[in-house]
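Here is the structure we will look at.
The values are calculated or read from the model by the stated rules, or taken from the named source; none is laboratory data. The structure presented is a predicted model; accordingly, all values stated were derived computationally and were not measured. A quick note on method: Cβ atoms are made from the backbone with ideal geometry, for glycine too, and the neighbour counts reach across all protein chains shown. Keep in mind that these areas ignore ligands, DNA and RNA; they rest on the heavy atoms of the full protein, side chains included. Shrake-Rupley method; radii C 1.70, N 1.55, O 1.52, S 1.80 Å.
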Amino acid sequence: MIAGPVPLDGLDAVPWADLSHAYGSAADVPAILRALARPGPDPEREERLDELDSAIHHQGGAVYSAGAAALSAGVR
């Protein structure tokens, strides 16, 4: 369990528009990650997580270039 907000310091260093996910350009991924990382209750969090999962790990098998970047964006 995460105690505080997830640091996303490296998010803007990723060339998201050059990466892809199941639906095309991954330029939308930073906004999804930021929304997911916001503290506090969010009635749309599960929907956002499903959206991200479907885009970067499509149908539980296809993994796209945006997937590795999304996982490592906050670790930099």
Solvent-accessible area per residue for the chain (1.4 angstrom probe, square angstrom): 65 Å²
For the chain, what does -39500 (n - 2.57) per DSSP helix run (n ≥ 4), summed and divided by total residues, give at 222 nm, in deg cm²/dmol to the nearest 500? -11000 deg cm²/dmol
ALA62 versus ALA35: modelled label distance in nm, points set 7 Å from Cα along the beta carbon direction: 2.2 nm
Report the full-extension gain for the segment ALA27 to SER72: residue separation times 0.36 nm, less the Cα-Cα distance, to one decimal in nm. 14.6 nm
Mind grabbing the accessible area of LEU8 for me, 1.4 Å probe, Å², rounded to tens? 40 Å²
Only Lys, Arg (+1) and Asp, Glu (-1) charged, at Cβ; the chain dipole about Cα centre in debye: 220 debye
Between ALA13 and ARG45, what is the label-point separation in nm under the 7 Å Cα-to-beta-carbon projection? 2.7 nm
